[in-house]
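The values are calculated or read from the model by the stated rules, or taken from the named source; none is laboratory data. Note that the structure is a prediction, hence the values are computed from the model and not measured. Quick reminder, even Gly has a Cβ in these numbers, built from the backbone with ideal geometry, and neighbours come from all protein chains shown.
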Amino acid sequence: MRIALIIKAVAVLLMLGVIGGTVYLIKEYTGSVQDLPGAMMERQRMVEKKLKTKTEEGDTSGNEPGEKAFQRAKELLAEESLEQAEEKMKYIVSFYPSAECATECRRILGEINLDRLLDPDWLDGKKVVTVRPGDTFSRIIAQNKTTMDSLVHLSKLKRSDHLSLHPGDKLMVMPMEMRVVIDLRLNTLTIWKGGEFIKEYPLLEASYKSKAAIKRCEISLIRGARQGKLYLSHAEEYRGSSKVIILSDKSLAIRSFSSDSDGEKSLGFMLSHADMEELPLLLRPGNDVEIRN
């Protein structure tokens, strides 16, 4: 009888460990624990607290969590064993997200992901469509859940006006099923594709008034801003303009730090000009946005 009780106790402990680990991975990989029960969320907070303590102890002892795996990842990168290096870095980001080396891992993984997404020869997640009579750029973009920026880049188009589109033309399209997590505590904007980390961007400044712990909205429009005017992505002026991503909450936008704005229109999140040039290549109207206070 006593042996049976011991076995049951061990089984319960193992189950709790699995639940805690699962919750932790969901939090780190998907960026949300909205639908988790209160008890599981409390356990998640305990796991994060323990991880932070371990990280701090690692800093003082010279044995930072994940450091050995990171050193091995760098060796694999030097050996051009990219897939193995990626696995090591994903492991660090998942299990040691607060470690110092995890920041560098996210940066490297972001650059790898970006290179692949923007490479016309990397076909994973992309497809070629043939222009049919009556097609317009707007129709092709809407049907394939992409943007003009992405279409121009991947198809290497020199012009973006409708007169340059002809039946039989081949275009490379990449459906953008991304979502954005803006974390004001960490000062980061992170792009996810489902539960897959894509890239993290630093926020240079944020102006945000809501007191809600989490706010959800979506991307409404992507425009080019120049001399106080907004331009559509088809317009010639769009190419050299500062990009602005307007959210469904019209008072909020994601924009370049140098963008001209004042009053309520300045509410939102500021990134570097270079980062704002990248975002329209990855995001489209309709993508979900989660803002965390």
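What to note about this one:
- Of all residues in the range 162-187 being assigned to a strand (DSSP E or B) and under 19 Å from the mean Cα position of the chain (by Cα), the one that is nearest to G268 (Cα to Cα): I182
- Meets criteria (within 16 Å of S150 (Cα to Cα) and charged (D, E, K, R)) for R239: yes
- Exactly one residue among K243, K215 is buried (at least 19 other Cβ atoms within 10 Å of the Cβ), assigned to a strand (DSSP E or B) and within 23 Å of the chain's Cα centre (by Cα), and that residue is K243.
- Residue check for E111: assigned to a loop (DSSP other than H, G, I, E, B) and either touching a Pro at 6+ places or on another chain (Cβ under 9 Å) or of a type outside the set (K, R) (or both): no
- Test: L271 is more than 25 Å from A142 (Cβ to Cβ), in contact (Cβ under 8 Å) with a residue 40 or more places away in the chain and in contact with a Pro (Cβ under 8 Å, 6 or more places away or on another chain): yes
- Filter pass, S61 being at pLDDT below 85 and surrounded by 14 or more Cβ atoms within 10 Å (Cβ to Cβ): no
- Pairs are defined by a Cβ separation below 8 Å, a sequence spacing of at least 6 or placement on different chains, a first member in the range 204-226 that is under 15 Å from E290 (Cα atoms), and a second member that is surrounded by 15 or more Cβ atoms within 10 Å (Cβ to Cβ) and among the aromatic types (F, W, Y); the pairs so defined are A206/F269; Y208/F269.
- Tabulated pairs, the range 159-178, first in the same structural domain as I140 (by TED's automatic domain parsing), second at pLDDT below 85, C-beta under 7 angstrom, 6+ apart or interchain: S160/H234; D161/H234
- Scope the range 114-137; condition touching a residue at least 60 places away in the same chain (Cβ under 8 Å) and either assigned to a helix (DSSP H, G or I) or among the basic types (K, R) (or both); matching residues: L114, L117, F137
- Residue in the range 219-231 that is hydroxyl-bearing (S, T, Y), at pLDDT 85 or above and in a loop (DSSP other than H, G, I, E, B) present: no
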